[in-house]
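A.B. asks: Please read through the structure below; I'll follow up with questions.
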Amino acid sequence: MQEFSIQDQQLTLESVSLEDVANQYGTPCYVYSKAALTRSYLEYSQALGEHPGKICFAVKSNSNLAVLQLLANLGASFDIVSGGEMERVLRAGGKAENIIFSGVGKTKQEIIRAMDVGIYCFNVESQPELEVISEVAHARNQEVSISIRVNPDVDANTHPYISTGLKENKFGIDFEAAPAVFQRAKELPGIKVSGVDCHIGSQITELSPFMDALDRLLVLIDQLAELSITIEHLDLGGGLGVTYKDEVLPSIAEYIAKVKERLGDRKLALLFEPGRSISANAGALITEVIYTKLTAHRNFAIVDAAMNDNLRPALYQAWQEIRPVTTGSDAEEQQWDIVGPVCETSDFLAKDRALSIKAGDRLALMSAGAYGFTMSSNYNSRGRAAEVLVDGDKHYLIRKRENFEDIIQGEYLLEEQITDTP
Ligand code: LLP
């Protein structure tokens, strides 16, 4: 978060005052730092260094075209989970050969399109998916690279909703069942077995779960070698967690160095799929206080951003810091719940924060660059927020705020439905 600072009582991103951003583009507004995105991506790529492999940015964390373009220009690869994310990467100038396709429910159309453009690898999550990929590839006389996502059954020690590597989760193939699926993949036409992957969860703040998963995958890779199945790359899934509040994290360099060290003599390319650790602390959501409402029990600051703009607190009880955009307010400091206009009790951005607030003030919800805009919706017929990229002392609109026409685009009145075929 080093790109955020206070200058002349103004919360500033790189060299741009966020009060100016709010004045120019309105609120709510997501704002991202080019320098922060660049710095955190380079931490991964430099830690990987000369070791063969790819840093595949997890598009789900922030899929704005300009953000993807910036990362593509830096040489990033991409981890996608839908045809829509694939098209975004291509539109942003990412190369198909730098795309890996994850996700439990790839449709046949998505698989065909991925083969048309020639992506690097399918991260396969089930045997039925493997059979479909083989069938499609064979019919096209093509051979496609696949990796099989193995569920290493390790506890990532994170929120249950974002923990994915346990036996009871829907993701990947059971560790014990994996060798048989690899055998099957080896026999299937149109399939080139290239990798093993896993993703045990997100917002992981210590290295041990990653290392436990790695150890299990290395055992599997050695087992596969005995079956004459040669694995070329190992993909450890999402990246490290981030500091939202006071979490202390190992460095990216330390993580990747440890992974390389554990490979021993094995000749394995390394893939990582970081999202949050590249984008979360590169962004904030700027919002304006509409009303303050003091009740006998709580003080509410009702702001113009809501759960439809940033779902994380409502969905995971996530804690994100709230900072005043202009500091030194003369309002009395009190405990506030920061809530939005949406008609849900779970519509809050923060609870119990000591702040000096009055109507008209702008607030910044920090660490909002990952899983912020991408999880936003039009709930309550609210247009989605604007997105702005800051670069030094410049700022650019990278997504315009949605207006009412944008919200209803693609909807039909009853009489229109009869004549117009979608
Ligand atoms: N690869 C796969 C297969 C994933 O499922 C994910 C995240 C990632 C990579 C990226 O993980 P990261 O580096 O960001 O930890 N919406 C939740 C997070 C959901 C994560 C889903 N998968 C949140 O806001 O906390």
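The values are calculated or read from the model by the stated rules, or taken from the named source; none is laboratory data. What you are looking at is a predicted structure, and each value in this text was computed from that prediction instead of being measured. Cβ placement follows ideal geometry from the backbone for every residue including glycine, while neighbour counts extend to all protein chains displayed. Side chains included, ligands, DNA and RNA excluded: accessible areas come from the protein's heavy atoms. Shrake-Rupley method; radii C 1.70, N 1.55, O 1.52, S 1.80 Å.
A.B. asks: Any chance the range 239-249 includes a residue that's assigned to a loop (DSSP other than H, G, I, E, B), closer than 20 Å to SER147 by Cβ and in the same structural domain as SER61 (by TED's automatic domain parsing)?
C.D. replies: yes
A.B. asks: Considering each residue of the range 368-377, count those that are under 18 Å from VAL303 (Cα atoms) and out of contact with any strand residue (DSSP E or B) (no Cβ under 7 Å at 6 or more places or on another chain), and give that number.
C.D. replies: Residues meeting the conditions: 2.
A.B. asks: Select from the range 184-212 the residues that are within 13 Å of the ligand (Cβ to nearest atom), open to solvent by 10 Å² or more (accessible area, probe 1.4 Å) and more than 30 Å from HIS138 (Cα to Cα) and list them in ascending order.
C.D. replies: SER202, GLN203, THR205
A.B. asks: Kindly evaluate VAL104 against the criterion of being within 16 Å of the ligand (Cβ to nearest atom), surrounded by fewer than 18 Cβ atoms within 10 Å (Cβ to Cβ) and in contact (Cβ under 8 Å) with a residue 12 or more places away in the chain.
C.D. replies: Yes: the conditions hold for VAL104.
A.B. asks: Then there's this: Output yes when any residue across the range 62-84 is open to solvent by less than 10 Å² (accessible area, probe 1.4 Å) and of a type in the set (Asp, Glu), and no when none is.
C.D. replies: Yes: the range 62-84 contains one or more residues that are open to solvent by less than 10 Å² (accessible area, probe 1.4 Å) and of a type in the set (Asp, Glu).
A.B. asks: Name every residue in the range 250-263 that is part of a loop (DSSP other than H, G, I, E, B) and within 13 Å of the ligand (Cβ to nearest atom), in order of residue number.
C.D. replies: Within the range 250-263, none qualify.
A.B. asks: State the number of residues belonging to the range 382-401 that are in contact (Cβ under 8 Å) with a residue 40 or more places away in the chain, open to solvent by 10 Å² or more (accessible area, probe 1.4 Å) and closer than 25 Å to TYR316 by Cβ.
C.D. replies: The total comes to 3.
A.B. asks: Out of the residues in the range 311-332 that are closer than 17 Å to ASP246 by Cβ and more than 16 Å from the ligand (Cβ to nearest atom), which is most open to solvent (accessible area, probe 1.4 Å)?
C.D. replies: Step by step, filter the range 311-332, then rank; the result is ARG323.
A.B. asks: Out of all the residues in the range 333-362, which are away from the ligand (no atom under 16 Å from the Cβ) and either free of Cβ contacts under 8 Å to residues at least 12 places away in the same chain or within 21 Å of the chain's Cα centre (by Cα) (or both)?
C.D. replies: Once the filter is applied, which keeps residues that are away from the ligand (no atom under 16 Å from the Cβ) and either free of Cβ contacts under 8 Å to residues at least 12 places away in the same chain or within 21 Å of the chain's Cα centre (by Cα) (or both), the range 333-362 yields only THR345.
A.B. asks: A further question on this structure: Would it be correct to say that ALA66 is closer than 25 Å to ALA305 by Cα and out of contact with any helix residue (DSSP H, G or I) (no Cβ under 7 Å at 6 or more places or on another chain)?
C.D. replies: yes
A.B. asks: Return the only residue of VAL196, VAL219 being at pLDDT 95 or above and either in a loop (DSSP other than H, G, I, E, B) or in contact with a Ser or Thr (Cβ under 7 Å, 6 or more places away or on another chain) (or both).
C.D. replies: Answer to the selection: VAL196.
A.B. asks: Let me ask something else about it. From the list GLU43, GLU50, which one is part of a helix (DSSP H, G or I) and open to solvent by 30 Å² or more (accessible area, probe 1.4 Å)?
C.D. replies: Criteria check complete, one pass: GLU43.
A.B. asks: Here's a follow-up. Having 1 or more residues that are without any contact (Cβ under 8 Å) to a residue 24 or more places away in the chain and away from the ligand (no atom under 16 Å from the Cβ) is the bar; report the strands (runs of 3 or more DSSP E) wholly within the range 264-305 that clear it.
C.D. replies: Result: 283-294.
A.B. asks: Here's another thing I want to ask about it. Which one of the conditions (1) within 15 Å of the ligand (Cβ to nearest atom); (2) surrounded by fewer than 21 Cβ atoms within 10 Å (Cβ to Cβ); (3) not β-branched (Val, Ile, Thr) does LEU240 fail to meet, given that it meets all the rest?
C.D. replies: Single failed check for LEU240: (2).
A.B. asks: Output the residues belonging to the range 222-237 that are open to solvent by less than 10 Å² (accessible area, probe 1.4 Å) and either within 14 Å of the ligand (Cβ to nearest atom) or outside any loop (DSSP other than H, G, I, E, B) (or both).
C.D. replies: LEU224, HIS233, LEU234, ASP235, LEU236, GLY237
A.B. asks: State the number of residues belonging to the range 363-412 that are assigned to a helix (DSSP H, G or I), within 16 Å of the ligand (Cβ to nearest atom) and in contact with a helix residue (DSSP H, G or I) (Cβ under 9 Å, 6 or more places away or on another chain).
C.D. replies: Within the range 363-412, residues that are assigned to a helix (DSSP H, G or I), within 16 Å of the ligand (Cβ to nearest atom) and in contact with a helix residue (DSSP H, G or I) (Cβ under 9 Å, 6 or more places away or on another chain) number 2.
A.B. asks: Here is a follow-up. Residues in the range 364-381 that are surrounded by fewer than 20 Cβ atoms within 10 Å (Cβ to Cβ) and among the aliphatic types (A, V, I, L, M): how many?
C.D. replies: Residues that pass the stated criteria total 1.
A.B. asks: Within the range 161-183, can you find the residues that are within 14 Å of the ligand (Cβ to nearest atom) and either modelled with pLDDT of 95 or more or on the phi > 0 side of the Ramachandran plot (or both)?
C.D. replies: Of everything in the range 161-183, just one residue is within 14 Å of the ligand (Cβ to nearest atom) and either modelled with pLDDT of 95 or more or on the phi > 0 side of the Ramachandran plot (or both), namely GLY172.
A.B. asks: Same structure again: If you check ALA280, ALA301, ALA296, which single one turns out to be modelled with pLDDT under 95 and within 30 Å of GLN334 (Cβ to Cβ)?
C.D. replies: ALA296
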